[in-house]
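Notes to accompany the following structure.
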Amino acid sequence: MSVSARVRALIEPLVAAEGLELFDLEQAGPVLRVTVDREGGVSIDDITKTTRAISRALDEHDPISSSFTLEVSSPGLERVLRTPAHYAWAVGRTVAIKTFPNHPVGRRFAGTVTGSTDTTVTVALDEPLGESITLNLGEIEKARTTFVWGPAPKPGGPKNGAKAAKNTPKDTPKKSKVKKDASNASPKEEKVQS
């Protein structure tokens, strides 16, 4: 059994015991990254409890012979996609994909995942609109979901999503009219009417 498989077998039940799902497990050099998720999001308390449980289990069972740093986190809004399960999860979501250099069809693609298998992913492309591409997972250097922000505010419109305040009669400042009264006023005297 590989180190990754031993670590997964050890920590997956601990993550499930906290009511979480193991989204990803990756050992990158001296760093063991554990990504956990749950419908509705993960709190800092969830991360703290899960980190402690995983750390105790790794210390007790010692599945990794070299020294390492444990990182436990939630995947965030934009998630890295690496495994067939990640691509299956991403069906219906927008993604950005970068293939390895010299790919015959191109290097960068953006669109919505419409299907996946254990070896491929199909993406309905944003450009050219109406076209799709199916890539082998082995051709993909990097992939992640993309968070689509709302439309940009119109120029001259309200800033930071705030609604423009409507002027009501109470809110409308009264404008003073300056009118010269020619009857008794000297040229320098003016009457102000509200």
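The values are calculated or read from the model by the stated rules, or taken from the named source; none is laboratory data. Because the structure is a prediction, the values reported are computed rather than measured. A quick note on method: Cβ atoms are made from the backbone with ideal geometry, for glycine too, and the neighbour counts reach across all protein chains shown.
Comparison of 127, 141 shows that the only residue that is in the same structural domain as residue 96 (by TED's automatic domain parsing) and in contact (Cβ under 8 Å) with a residue 40 or more places away in the chain is 141.
Being touching a residue at least 40 places away in the same chain (Cβ under 8 Å) and within 30 Å of residue 127 (Cβ to Cβ) is a property that residue 33 lacks. In segment 109-157, the qualifying residues are those that are under 23 Å from the mean Cα position of the chain (by Cα) and exposed (fewer than 11 other Cβ atoms within 10 Å of the Cβ), and the one that is farthest from residue 84 (Cα to Cα) is 152. Just one of the listed residues (121, 148) is β-branched (Val, Ile, Thr), in contact with a helix residue (DSSP H, G or I) (Cβ under 8 Å, 6 or more places away or on another chain) and either assigned to a strand (DSSP E or B) or farther than 24 Å from residue 6 by Cα (or both), and it is 121. When segment 1-22 is limited to residues that are farther than 21 Å from residue 47 by Cβ and part of a loop (DSSP other than H, G, I, E, B), the one that is modelled with the highest pLDDT turns out to be 2.
For segment 10-41, the set of residues classified as in contact with a helix residue (DSSP H, G or I) (Cβ under 9 Å, 6 or more places away or on another chain) and closer than 18 Å to residue 86 by Cα consists of 15, 20, 21, 22, 23, 24, 25, 26, 27, 34, 36, 38, listed by residue number. Against the test of being small (Gly, Ala, Ser) and at pLDDT below 90, the options 90, 162, 124, 110 yield a single qualifying residue, 162.
Take the residues of segment 1-24 that are free of Cβ contacts under 8 Å to residues at least 12 places away in the same chain and under 13 Å from residue 63 (Cβ atoms): which is nearest to the chain's Cα centre (by Cα)? I'd like the intermediate steps shown before the answer.
Just the residues of segment 1-24 that are free of Cβ contacts under 8 Å to residues at least 12 places away in the same chain, to begin with: 1-2, 5, 9, 12-13, 16.
Of the ones still in play, those that are also under 13 Å from residue 63 (Cβ atoms) are 1-2, 5, 9, 12.
Numbers: 1: 34, 2: 31, 5: 28, 9: 28, 12: 24 Å.
Looking at residues that are free of Cβ contacts under 8 Å to residues at least 12 places away in the same chain and under 13 Å from residue 63 (Cβ atoms), I get 12.
Considering only segment 82-118, how many residues are part of a loop (DSSP other than H, G, I, E, B) and not basic (Lys, Arg)? Before you say what the answer is, go through the steps one by one.
Within segment 82-118, the first condition is being part of a loop (DSSP other than H, G, I, E, B), and the residues that meet it are 82-83, 90-93, 100-107, 117-118.
Filter once more, keeping what is not basic (Lys, Arg): 83, 90-92, 100-106, 117-118.
Counting residues in segment 82-118 that are part of a loop (DSSP other than H, G, I, E, B) and not basic (Lys, Arg) gives 13.
Provide a single number: the residues in segment 36-62 that are touching a residue at least 12 places away in the same chain (Cβ under 8 Å) and out of contact with any Phe, Trp or Tyr (no Cβ under 8 Å at 6 or more places or on another chain). Here the count works out to 14. Any residue in segment 59-69 that is farther than 19 Å from residue 2 by Cα and not polar (S, T, N, Q)? No, segment 59-69 contains no residue that is farther than 19 Å from residue 2 by Cα and not polar (S, T, N, Q).
With respect to the conditions (1) over 20 Å from residue 141 (Cβ atoms); (2) among the β-branched types (Val, Ile, Thr); (3) surrounded by 13 or more Cβ atoms within 10 Å (Cβ to Cβ), residue 97 falls short on a single one, namely (1).
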